[in-house]
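Q: Dumping the structure here so I can ask a few things about it.
Any read-out appearing in this document is the output of simple, stated calculations on the displayed coordinates, not a laboratory observation. Because the structure is a prediction, the values reported are computed rather than measured. Neighbour counts are summed over all protein chains in view; Cβ atoms, including those assigned to glycine, are modelled from backbone coordinates with ideal geometry.
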Amino acid sequence: MKKFDKERLLLAVAGPVMALVAAILLTSVVLIASGKNPFEPYGLMLEQIPFSDVQVLILNQASLYYIAALAVALGFRMNLFNIGVDGQYRLAAMMVAVVGAHVALPSFLQIPLLLLVGSLTGAFWAGIAGVLKVTRGVSEVVATIMLNAIATSVIGYLTLRENFGVLVGDNVTTGVMKESGWVPGINLGADVGEIYGLVFLAIALGIGYWVVLNRTRFGFDLRATGESETAAAASGVNAKRMVLTAMLISGAVAGLSGLPLLLGDAHTYSLSFPTGLGFTAIGIALLGRNNPGGIALAALLWAFLEKTSPALDYATPVAYEKEIATIMQGLIVFAVVISYEFVRQWGLRRQQKRVGAELAAQAANNNAKKEVAA
């Protein structure tokens, strides 16, 4: 491997590693301050990994996080902050559940229809922010935050019993979806559970994300516009169109985020459907540095912390609060921003030293040639 490639790899890995180490150390400080063992909780969570049912839970949860984080990363690569992934994901899941409960087609038509409904709903909701940005100059951060709140109200209205709501016990749902829209998974037994079938959709989206961004003209234009709209425009790229397109694609991917759970397990949308997925995805995309492989590892880490933390409540002789995992997740987000800036500054200094050394060597070579000529 060339020296330059090694340096790039070092810079890419240094940020996430520093963030994780900092988060572990800071979490340990919190544990010490509360009079608890600063290392035992990590061991207790790691002990859960060999259990097959925990592995299935981690993989299933990571698939949701991964798709949502890809949606965030698409915006980041365009220098856009799509903070509305949470609203796009919830509204899309609700619309898919409604369509799935009222439309009955053969599976080979029903499932693609539901995937299309999810992606179009997410794209439509993100597209509102995109249109506002390119036509009126409204910040996508402000627009998507407001759209999150509006999405919550829209969901609340559409799930009223006089609309599409169905009361099941004390919970308001959209009704059970037709079985032709259920996506079968990999059943590993009653004691282990089932891997969601749409885990493979998450993998396909990750591959597609990499191919489009790194092997297509569209991906080059998108990244170029994110780096500098002025420079992109000078090379013939319509910056406004790229901004709108990026928001639409980001929203479309966000609209698929909840479908592994919806089509693979829940089969209905209710008030108990997970919230906050889009905000969690921001931290995962940051930790993964918008790279599909890095995002996958970050999603697995987040799911690991979430699904193994309940074991802390049952530890003996001293129980630990499972919120320790939540503290660690928050500290990772906090540390990742600082560590990336530190690594960026460090990389710039190394680059400046390398360029300075090359210029000095070139100057010395030129002087030597002049002396020989003289």
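Q: Explain nothing, just the number: dipole magnitude of the chain about its Cα centre with +1 on each Lys and Arg Cβ and -1 on each Asp and Glu Cβ, in debye rounded to the nearest 20.
A: With Lys and Arg at +1 and Asp and Glu at -1, about 1860 debye.
Q: Show me the GluC sites (Glu not before Pro) within the stretch 272-374 that DSSP assigns to loop and that have at most 16 other Cβ atoms within 10 Å of their Cβ.
A: Glu321
Q: Quick one: 3J(HN,Hα) in Hz for the stretch 298-306, Karplus 6.51/-1.76/1.60 with θ = phi - 60°, rounded, Gly and Pro as x.
A: Per-residue couplings from phi come out as 5, 5, 5, 5, 4, 5, 4, 4, 6 Hz.
Q: Right, next: Positive end of the charge dipole of the stretch 16-168 (Lys, Arg +1 and Asp, Glu -1 on Cβ, about the Cα centre): tell me which of Val166, Tyr66, Thr152 has its Cα farthest that way.
A: Thr152
Q: In addition: Given R₀ = 51 Å, what would the calculated FRET efficiency be for Phe39 paired with Glu227, taking r from the Cβ atoms and rounding to 0.05?
A: 0.75
Q: Now for a different question. Sort 131-138, 148-155, 162-169 for me by packing, meaning the mean count of neighbouring Cβ atoms within 10 Å per residue, highest on top.
A: 148-155, 131-138, 162-169
Q: Hey, another quick one. Convex hull volume of the Cα atoms in the stretch 92-150, per residue, in Å³?
A: 77
Q: With springs connecting C-alpha atoms under 10 Å apart, model the chain as a Gaussian network and identify which of Ala254, Ala190, Ala325 has the largest mean-square fluctuation.
A: Ala190
Q: Please name which of Ala92, Pro292, Leu263 has its Cα lying farthest along the dipole of the chain towards the positive end, using unit charges on Cβ (Lys, Arg +1; Asp, Glu -1) and the Cα centre as origin.
A: Comparing the listed Cα positions along the dipole, Pro292 ranks first.
Q: Considering amide H positions built from the backbone, and no H for Pro or chain starts, which residues 5 or more places from Val166, or on another chain, come under 5 Å of its amide H?
A: The answer is Thr173, Thr174, Gly175.
Q: Write out the trypsin sites (Lys or Arg not before Pro) in the stretch 144-251 meeting two conditions: DSSP loop, and at most 11 other Cβ atoms within 10 Å of their Cβ.
A: Sparse-neighbourhood loop trypsin sites (Lys or Arg not before Pro): Arg161.
Q: Just for the Cα atoms in the stretch 1-122, what are the lengths along the principal axes, largest first, rounded to whole Å?
A: 55, 42, 29
Q: Right, another one. Using the Karplus curve 6.51 cos²θ - 1.76 cosθ + 1.60 with θ = phi - 60°, work out ³J(HN,Hα) for each residue of the stretch 235-246 in order, rounded to whole Hz, and write x for Gly and Pro.
A: 8, x, 8, 7, 4, 5, 5, 5, 4, 5, 4, 4
Q: Straight distance only, please: which aspartates and glutamates reach the Cα of Lys133 with their own Cα at less than 20 Å, same-chain residues fewer than 8 apart left out?
A: Asp86, Asp221, Glu227, Glu229
Q: Then there is this: For the stretch 62-175, what percent of Cα pairs sit more than 26 Å apart?
A: When all Cα pairs of the stretch 62-175 are counted, 27 percent exceed 26 Å.
Q: Taking Cα atoms, how many degrees apart are the long axis of helix 52-77 and the longest axis of the chain, rounded to 10 and kept between 0 and 90?
A: On a 0 to 90 degree scale, this one is about 60.
Q: I've got another one for you. How large is the helix-only mean residue ellipticity at 222 nm for the chain, computed as the sum of -39500 (n - 2.57) over DSSP H runs with n ≥ 4, divided by its residue count, in deg cm²/dmol to the nearest 500?
A: Mean residue ellipticity at 222 nm (helix-derived): -24000 deg cm²/dmol.
Q: Residues of the stretch 207-247 with amide nitrogen under 17 Å from the 7 Å Cα-to-Cβ point of Arg136?
A: Taking a point 7 Å out along Cα→Cβ of Arg136, the residues of the stretch 207-247 whose backbone N falls under 17 Å are 244.
Q: May I ask for the angle, rounded to the nearest 10°, between helix 85-102 and the longest principal axis of the chain, with both axes built from Cα atoms and the value confined to 0 to 90°?
A: Once rounded, one gets 30 degrees.
Q: Another one. Considering the dipole of the stretch 191-283 built from charges on the beta carbon (Lys and Arg +1, Asp and Glu -1) around the Cα centre, which of Ala224, Ala202, Asn214 is farthest to its positive end?
A: Ala224
Q: Here's another thing I want to ask about it. In nm, what is the difference between 0.36 nm times the number of residues separating Ala104 and Thr216 and their Cα-Cα distance?
A: 36.5 nm
Q: Using only Cα atoms and rounding to the nearest 10 degrees, what angle (0 to 90) does helix 3-33 make with the longest principal axis of the chain?
A: On a 0 to 90 degree scale, this one is about 50.
Q: For the chain, with a Gaussian network of springs between Cα atoms less than 10 Å apart, report the residue from Trp302, Trp346, Trp125 with the top mean-square fluctuation.
A: Trp346
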